[in-house]
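Q: Just passing along the structure, written as structure tokens.
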Number of protein chains: 2
Amino acid sequence: MTILSLPLQNHLFSSTALPKPRRFPLCATKVRMSLQESAPSIAVVGVTGAVGQEFLSVLSDRDFPYRSIKMLASKRSAGRRFTFEEKEYVVEELTPESFDGVDIALFSAGGSISREFGPIAVDRGTIVVDNSSAFRMDEKVPLVIPEVNPEAMEGIKLGMGKGALIANPNCSTIICLMAATPLHRRAKVLRMVVSTYQAASGAGAAAMEELEQQTREVLEGRPPTCKIFKEQYAFNLFSHNASILSNGYNEEEMKMVKETRKIWNDKDVKVTATCIRVPVMRAHAESVNLQFEKPLDEDTARDILKNAPGVVVIDDRAANHFPTPLEVSNRDDVAVGRIRRDLSQDGNQGLDIFVCGDQIRKGAALNAVQIAEMLL
Amino acid sequence: MTILSLPLQNHLFSSTALPKPRRFPLCATKVRMSLQESAPSIAVVGVTGAVGQEFLSVLSDRDFPYRSIKMLASKRSAGRRFTFEEKEYVVEELTPESFDGVDIALFSAGGSISREFGPIAVDRGTIVVDNSSAFRMDEKVPLVIPEVNPEAMEGIKLGMGKGALIANPNCSTIICLMAATPLHRRAKVLRMVVSTYQAASGAGAAAMEELEQQTREVLEGRPPTCKIFKEQYAFNLFSHNASILSNGYNEEEMKMVKETRKIWNDKDVKVTATCIRVPVMRAHAESVNLQFEKPLDEDTARDILKNAPGVVVIDDRAANHFPTPLEVSNRDDVAVGRIRRDLSQDGNQGLDIFVCGDQIRKGAALNAVQIAEMLL
């Protein structure tokens, strides 16, 4: 169990009031005493994006060992210079040759880049940890949350000169399953009804900027500028902008349905989701209703979650203090609260929980780096 | 069926960008040619609050007939002057004598004022429409949504000189049941799982001001001022601030559970709710998962909702256009979209829907005035 160390008041008046992705100058928080010759060489694909930036923060925060690191992005960003861990880097244009000699590549540059360059990297012997949805449902590609299904990584080993693809799940799926899996292991989830409260960061740094800019405009009485989203985002919320499929679900929702089945290796688990974008910067919240095969009372559930890796329980009924997106922003742990017996189900067959997790961190960059750590 | 007449783009760049309660000068939109001598005398209790103000707007918008109207509030607000329908009024302090000669009183001044003055008004022959939760679960008090259970009003008649109490349901309950009831009538709802996205207005005008002020402060890099809510509200969300009960539900959630049973006159309907406050000004959204006794396919459900009074269907999958809080702000109709078969239930036994409604209007003032109209 991990406990968030800061009391509530500190969060209210801290720099997390408007949490944003850290830009590269901020990444230079640590200095490596020496680069490790035996450590892997790394590439970050999409390094100028919100998740790309967070890859660097997480690598640094976790002292991930590397002997070299390539900063890769589109032609448009190539040539940009920045300092990371007191060393100067130039952003290079992504080409097939970029992967020569690269052991591990962390991809977060969108599905089309992953589809084009992922297989190229694998052919050159690179192990790709891909944050896009391009390969998630590919039967041959493991879809991994290290705390949930580490066994899916079996057979993938670094240093054999063999490339491979590993997929990072969707951010909403990761945050939901971090909390639901420990309960699933005990009581088997039969059905899950999820409603999400998703942050701007899931649509990238430009969406975060749009939310901030629109909010300023609305407060000044000016018309809000809508570029990324067609709906006004400031002081509003809307159904997730992913395309709607023929069954009426949007792609984000179907990711939660399908990825849960694959990650839990349970084709029968029933999941429905309604994904909504709310005017919050960088952490998702999810209201999750669970139906179990075996009874599970709320006290046992709370104890299980308190002991779950990567999960923190914030469930103070007396103080009415439960997880908030702000409180988990820039933090690794997924927070769970509002743990209670579902009155609409018989006995202890169901629970309601409320989950918050940093979308950029555990929802994307941290999970990918944890996958890479499993290769070491 | 009602169709929202404004295209999306107009909403984005209209004055609804930061929807607020209308203050009294704005209420003076209409002029009565003459006060009707045969019409009831009215009192508005809590006239200076967000809902009190909206009572006036709605009375004016709907040309509600009255021969006189008393503006009542606490001692603190007494003496304030304002113009309504081109007539000048002075806010009077609420006392037992306030109700002498009053036929209908619209209350929205909190539960303790209702508990104290509601019975006093009834004793003096006034019919009270109470927006607080004070009497909602009282067996002798009808709990009414006019489109849903008008039959509950039977036996209450104006002009008999007999006072009575009628309760206005909780805003989240009203908005949910406006959409769920037409489907319930056709297929019988067995179970409902609701997650709410609730606006500032539910906590009053001061909460709306707090959201705006905090947002300005955060954008300016200053610490947000927390008075109404203990959590930062700007760019954040949190579990509803209502007290948590021993079963782990908060009072707002239990209102949805219990009021649904009373309004539907169905003690067996199973409801669970998770109520969350989001940084939106004045309209609530709700993600509602429904389980039916009889099969109900999504096309039939959509047709039923299109024909339901007070409901508008916004369900354009191709354009990814669904209800938003902003689009329903200052509007009477509750909007429903994302109507789809629930993949986690067999056949057509379940649906997911997404509902938005103006919290101050249909969630409070409009519903109360509609109840009063049933008395005429």
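The values are calculated or read from the model by the stated rules, or taken from the named source; none is laboratory data. Since this is a predicted model, take the numbers as computed values, not measurements. Backbone-built Cβ (ideal geometry, glycine too); neighbour counts: all protein chains shown.
Q: Inside segment A:153-172, can you point out the residues that are of a type in the set (A, V, I, L, M) and either under 24 Å from residue A:315 (Cβ atoms) or without any contact (Cβ under 8 Å) to a residue 40 or more places away in the chain (or both)? Working first, answer last.
A: If we filter segment A:153-172 for residues that are of a type in the set (A, V, I, L, M), which is where we start, we get A:153, A:156, A:158, A:160, A:164-167.
Those that are of a type in the set (A, V, I, L, M) and either under 24 Å from residue A:315 (Cβ atoms) or without any contact (Cβ under 8 Å) to a residue 40 or more places away in the chain (or both): A:160, A:167.
Q: Looking at (1) assigned to a loop (DSSP other than H, G, I, E, B); (2) crowded, with 18+ Cβ neighbours inside 10 Å, which one does residue A:337 not meet, given that it meets all the others?
A: Of (1) assigned to a loop (DSSP other than H, G, I, E, B); (2) crowded, with 18+ Cβ neighbours inside 10 Å, only one is false for residue A:337: (1).
Q: Going residue by residue through segment A:352-363, is there one that turns out to be surrounded by 23 or more Cβ atoms within 10 Å (Cβ to Cβ), at pLDDT 95 or above, assigned to a helix (DSSP H, G or I) and among the acidic types (Asp, Glu)? Break it down stepwise before answering.
A: Within segment A:352-363, the first condition is being surrounded by 23 or more Cβ atoms within 10 Å (Cβ to Cβ), and the residues that meet it are A:352-363.
Still in the running and at pLDDT 95 or above: A:352-363.
Add one more test, that the residue is assigned to a helix (DSSP H, G or I), and what stays is A:361-363.
Narrowing the set further to residues that are among the acidic types (Asp, Glu) leaves none.
So far as segment A:352-363 goes, no, none of its residues is surrounded by 23 or more Cβ atoms within 10 Å (Cβ to Cβ), at pLDDT 95 or above, assigned to a helix (DSSP H, G or I) and among the acidic types (Asp, Glu).
Q: Name the residues in segment B:292-313 that are touching a residue at least 40 places away in the same chain (Cβ under 8 Å) and within 14 Å of residue B:353 (Cα to Cα), would you? Steps first, please.
A: The initial filter retains those residues of segment B:292-313 that are touching a residue at least 40 places away in the same chain (Cβ under 8 Å), namely B:292-298, B:300-301, B:304-313.
Within segment B:292-313, B:292, B:296, B:297, B:298, B:300, B:301, B:304, B:305, B:306, B:311, B:312, B:313 meet the criteria.
Q: Something else: Please go through segment B:326-352 and pick out each residue that is within 11 Å of chain A (Cβ to nearest Cβ) and over 28 Å from residue A:215 (Cβ atoms). Outline the logic, then answer.
A: Start the filter on segment B:326-352 by keeping residues that are within 11 Å of chain A (Cβ to nearest Cβ), which leaves B:326-329, B:337-346, B:350-352.
Within segment B:326-352, B:339, B:340, B:341, B:342, B:343, B:344, B:345, B:346, B:350, B:351, B:352 meet the criteria.
Q: Another one. List the strands (runs of 3 or more DSSP E) that sit entirely inside segment B:74-128 and contain at least 2 residues that are among the hydrophobic types (A, V, I, L, M, F, W, C).
A: Values: elements: B:81-84, B:87-90, B:104-107.
Ranges flagged: B:81-84, B:104-107.
Q: Give just the number: which of (1) at pLDDT below 95; (2) buried (at least 16 other Cβ atoms within 10 Å of the Cβ) does residue A:218 not satisfy?
A: (1)
Q: Can you tell me how many residues in segment B:177-202 are in a helix (DSSP H, G or I), more than 22 Å from residue B:111 (Cα to Cα) and out of contact with any Phe, Trp or Tyr (no Cβ under 6 Å at 6 or more places or on another chain)?
A: Going residue by residue through segment B:177-202, those that are in a helix (DSSP H, G or I) are B:177-187, B:200-202.
Add one more test, that the residue is more than 22 Å from residue B:111 (Cα to Cα), and what stays is B:177-187.
Keeping just the survivors that are out of contact with any Phe, Trp or Tyr (no Cβ under 6 Å at 6 or more places or on another chain) gives B:177-186.
So the count comes out to 10.
Q: Suppose we keep only residues that are free of Cβ contacts under 8 Å to residues at least 12 places away in the same chain and over 23 Å from the mean Cα position of the chain (by Cα) within segment A:91-118. Which one would you say is surrounded by the fewest Cβ atoms within 10 Å (Cβ to Cβ)?
A: Per the criteria, the residue is A:97.
Q: Another one. If a residue has to be under 20 Å from residue A:169 (Cβ atoms) and of a type in the set (D, E, K, R) to count, how many in segment A:111-129 make the cut?
A: Qualifying residue count, segment A:111-129: 1.
Q: Go through segment A:249-297 and report how many residues are facing chain B (nearest Cβ under 10 Å), more than 30 Å from residue A:205 (Cβ to Cβ) and in a strand (DSSP E or B).
A: 4
Q: Could you tell me how many of the residues in segment A:173-225 are within 13 Å of chain B (Cβ to nearest Cβ), β-branched (Val, Ile, Thr) and either within 24 Å of residue A:131 (Cβ to Cβ) or in contact (Cβ under 8 Å) with a residue 24 or more places away in the chain (or both)?
A: 5
Q: Any residue that is in a strand (DSSP E or B), surrounded by 17 or more Cβ atoms within 10 Å (Cβ to Cβ) and not hydroxyl-bearing (Ser, Thr, Tyr) - is there at least one of those in segment B:46-67? Talk me through it step by step, then tell me what you get.
A: Of the residues in segment B:46-67, the ones in a strand (DSSP E or B) are none.
No, every residue in segment B:46-67 fails to be in a strand (DSSP E or B), surrounded by 17 or more Cβ atoms within 10 Å (Cβ to Cβ) and not hydroxyl-bearing (Ser, Thr, Tyr).
Q: Tell me which residues, restricted to segment A:230-247, are out of contact with any Cys (no Cβ under 6 Å at 6 or more places or on another chain), in a loop (DSSP other than H, G, I, E, B) and either within 7 Å of another protein chain (Cβ to nearest Cβ) or closer than 13 Å to residue B:317 by Cα (or both).
A: Here is the first cut: in segment A:230-247, the residues out of contact with any Cys (no Cβ under 6 Å at 6 or more places or on another chain) are A:230-239, A:241-247.
Adding the requirement that they be in a loop (DSSP other than H, G, I, E, B) leaves A:230-237, A:241-243, A:245-247.
Once the filter is applied, which keeps residues that are out of contact with any Cys (no Cβ under 6 Å at 6 or more places or on another chain), in a loop (DSSP other than H, G, I, E, B) and either within 7 Å of another protein chain (Cβ to nearest Cβ) or closer than 13 Å to residue B:317 by Cα (or both), segment A:230-247 yields A:231, A:232, A:235, A:236, A:237, A:241, A:242, A:243, A:245, A:246, A:247.
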